[in-house]
Amino acid sequence: MKKLTIHTLQHVPFEGLGCIEAWIVEHGHTLTNTLFYQNTDLPELDDFDWLVIMGGPMGVYDDAIYPWLPLEKEFIRRAIEHNKTVIGICLGSQLIAEVLGASVYPNKQKEIGWYEITKTKPASELSLLADFEETLSVFHWHGDTFSLPAGSVRLFSSEVCQNQCFLFNEKVLGLQFHLEVSRQSLTEMLENGTHELKESETIQSASQILNQTSLIQPSNQKMVQLLDYFSRL
């Protein structure tokens, strides 16, 4: 396996890399990062192989509140144009979608907790997801959604959110959900997002979420499978 330099974009301290960081360390890859809550320093495109974009409570349309958002979007666009492997999680997937010309907007319902997603028929034909079950229970924390970017393939869907995951040009992946989540990151997200846990059919309580931590390991296994796949391209 080629040794990679993986640059990450992190928007808040409580939505970190989870199991992605463990995978990077285990395989001896180099990890660099931009922590937008501390600085806006971005590398040259030649300085990294992959770009991983994490989540956060802000929206892609909050440019006036977060002046670094336009800089980030332009950086993501350039990374895609330069044929980098780009993986976006939650907000990260929404940023990729917008950069690719899709609309990002509030979904009809927030989705917070462990809920099922279903693999689409086109996804079943891709080697990327050959070892994925038809239905998975994964962790969600999102209120926005997006239209499917032109030229991309929808990989997973659910009743609440049609576009849960997409693949663009074989090397750009957007995930609305959190396969990377760890016990620590799950706890930190709950501590910082308690105000969003309002009783609903699509929002679980903190106790409901923490009572399903047995789902973390299979989720992490799926994240690792995706990372392994892209590392072989």
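Residues in the stretch 5-20 that are within 20 Å of LEU227 (Cβ to Cβ) and surrounded by fewer than 18 Cβ atoms within 10 Å (Cβ to Cβ): how many?
The qualifying residues number 1.
So which residues in the stretch 152-166 are out of contact with any strand residue (DSSP E or B) (no Cβ under 6 Å at 6 or more places or on another chain) and not polar (S, T, N, Q)?
GLU159
So which of ILE80, ILE112, ILE87 ends up being over 24 Å from ASP46 (Cβ atoms) and within 18 Å of the chain's Cα centre (by Cα)?
Testing whether each residue is over 24 Å from ASP46 (Cβ atoms) and within 18 Å of the chain's Cα centre (by Cα) leaves just ILE112.
Would you point out which residue out of LEU17, LEU4, LEU9 is over 24 Å from LEU190 (Cβ atoms) and either at pLDDT below 95 or touching a Ser or Thr at 6+ places or on another chain (Cβ under 8 Å) (or both)?
Testing whether each residue is over 24 Å from LEU190 (Cβ atoms) and either at pLDDT below 95 or touching a Ser or Thr at 6+ places or on another chain (Cβ under 8 Å) (or both) leaves just LEU4.
Read through the list (1) in contact (Cβ under 8 Å) with a residue 60 or more places away in the chain; (2) surrounded by 16 or more Cβ atoms within 10 Å (Cβ to Cβ); (3) of a type in the set (Gly, Ala, Ser), then give the number of the only condition that SER200 fails.
Single failed check for SER200: (2).
Within the stretch 120-164, track down each residue that is over 14 Å from GLN176 (Cβ atoms) and part of a strand (DSSP E or B).
Listed by number, the residues that qualify are THR135, SER137, VAL153.
Can you name the residue in the stretch 34-62 that is within 20 Å of the chain's Cα centre (by Cα) and charged (D, E, K, R) and, of all such residues, is surrounded by the fewest Cβ atoms within 10 Å (Cβ to Cβ)?
The selected residue is ASP62.
Those residues that are crowded, with 19+ Cβ neighbours inside 10 Å, of a type in the set (S, T, N, Q) and either closer than 26 Å to LEU190 by Cβ or touching a His at 6+ places or on another chain (Cβ under 9 Å) (or both), I need them from the stretch 71-114; list them, please.
Matches in the stretch 71-114: SER93, GLN94.
So, restricting to helices (runs of 4 or more DSSP H) that lie completely within the stretch 174-233, which ones have at least 2 residues that are closer than 29 Å to SER127 by Cβ, of a type in the set (Gly, Ala, Ser) and within 19 Å of the chain's Cα centre (by Cα)?
It comes to 216-231.
For (1) of a type outside the set (A, V, I, L, M); (2) closer than 28 Å to GLU196 by Cα; (3) out of contact with any strand residue (DSSP E or B) (no Cβ under 9 Å at 6 or more places or on another chain); (4) not in a loop (DSSP other than H, G, I, E, B), each residue gets a yes or a no:
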{"residue": "PRO13", "(1), (2), (3), (4)": "yes, yes, no, no"}
{"residue": "GLY28", "(1), (2), (3), (4)": "yes, no, yes, no"}
{"residue": "VAL52", "(1), (2), (3), (4)": "no, yes, no, yes"}
{"residue": "ASP63", "(1), (2), (3), (4)": "yes, yes, yes, no"}
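The values are calculated or read from the model by the stated rules, or taken from the named source; none is laboratory data. Since this is a predicted model, take the numbers as computed values, not measurements. Methodologically, a virtual Cβ is constructed for each residue, glycine included, from the backbone with ideal geometry; neighbour enumeration extends over all protein chains shown.
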